[in-house]
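Take a look at the structure below.
Laboratory data are not the source of any read-out in this text; all were calculated from the coordinates shown. Here the structure is a predicted model, which means the values were calculated and not measured. Every residue, glycine as well, gets a Cβ built from its backbone with ideal geometry; the counts of neighbours run over all protein chains shown.
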Amino acid sequence: MVSADLLAADGSRLGKELKQKVFSGELKPAAGFASQGSVLPARDTRGLPMVSVNVPEVDVEFLRVREKDLPTFFSQ
């Protein structure tokens, strides 16, 4: 359902409610992070937001590497 109040880029409104079935096609299974960030905040968090399509479950392991340990981490 599309509202009659839908606003276009030029400022005009749709003017009438629209009800239409839309098929976008099959989407391949995919999972990724919701942001482009790759660094967790310094304070405790539960991880980074993820987005998934047609994937029932994703197993992600988050590692916190302290700044002083970065050279060792990247040399492994």
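Is the shape of the chain best called rounded, prolate or oblate, per the rule: a/c under 1.5 gives rounded, else a/b larger than b/c gives prolate, else oblate, with a ≥ b ≥ c the square roots of the Cα gyration tensor eigenvalues? Prolate, because a/c is 1.5 or more and a/b exceeds b/c.
Taking R0 as 30 Å, what FRET efficiency do you get between residue 57 and residue 23 from their Cβ-Cβ distance, rounded to the nearest 0.05? Plugging the Cβ-Cβ distance into 1/(1 + (r/R0)^6) gives 0.70.
So for each of 21-27, 62-68 I average, over its residues, the number of other beta carbons within 10 Å; can you give me the resulting order with the highest mean first? Walk me through the numbers on the way to the answer.
Numbers: 21-27: 5.3, 62-68: 8.0.
Output ranking for 21-27, 62-68: 62-68, 21-27.
Look at where the Cα atoms of the stretch 49-66 and of the stretch 6-30 average out, and the two centres are 30 Å apart.
Site pair residue 1 and residue 75 shows an inter-label distance of 6.3 nm when each label is modelled 7 Å from Cα along Cα→Cβ.
For the stretch 60-76, the Karplus equation 6.51 cos²θ - 1.76 cosθ + 1.60, evaluated at θ = phi - 60°, returns couplings of 10, 10, 9, 10, 9, 10, 5, 3, 5, 9, 4, x, 5, 4, 6, 7, 7 Hz by residue, with Gly and Pro reported as x.
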